[in-house]
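Contents: one structure, followed by commentary.
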Amino acid sequence: MSHLDDLDEYEADLELRLKREYTAVFGLFRYCVVTQDSTYLCNKLDLKVLPQTSYPFFHLTMEDVWVWDKNRPTRMIPRAEVYTSSDVTIEELRGEGEEPALTPEALAEKLGESISGDDEPA
């Protein structure tokens with residue numbers, strides 16, 4: 001097997017893990033934000049449209065954010081700001097005050113991890 005085959009297999013594995021994680025955490029968030037450069041899941045969103053002479057300019061401020069990026073060491077970040085003149089799609093996944101349907105325990109189970117104290121040494 002060549003080094004290129006190893007790299008392709010590694011990239012495919014990263015992509016598969018990212019898709020599984022996205023499916024698992026999707027229910028925890030209120031908004032899904034899609035820009036030209038990335039996809040974000042967040043629970044708090046502020047969108048400002050800054051008019052320009054030839055095109056609109058968008059400033060998004062997000063809190064409690066999950067970022068679609070297979071190369072990040074952690075995809076959960078407390079705050080993100082995005083400035084773009086490209087298209088922005090915002091989907092509201094659940095209404096104001098609605099609790100996520102997914103519990104931390106159910107999320108851990110979806111991700112194949114344990115969050116109980118059973119795994120800790122006595």
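Couplings 3J(HN,Hα) for segment 45-53, derived from phi with the Karplus relation 6.51 cos²θ - 1.76 cosθ + 1.60 (θ = phi - 60°), are 9, 10, 10, 10, 9, 9, x, 10, 5 Hz, where x marks Gly and Pro. Per-residue extension of 0.36 nm, minus the Cα-Cα distance of Glu63 and Glu96, leaves a gain of 10.4 nm for this segment. Over what distance in Å are the Cα centres of segment 26-46 and segment 59-101 separated? About 3 Å separates the Cα centre of segment 26-46 from the one of segment 59-101. Each peptide in 79-89, 62-72, 4-14 was scored by the mean count of other Cβ atoms within 10 Å over its residues; highest first, the order is 62-72, 79-89, 4-14.
Quick note: the coordinates plus some simple rules give every number you see, no bench work behind them. On a predicted model such as this, the values are computed, not experimentally measured, just so you know. Here Cβ is always computed from backbone atoms with ideal geometry, including for glycine, and neighbour counts include all displayed protein chains.
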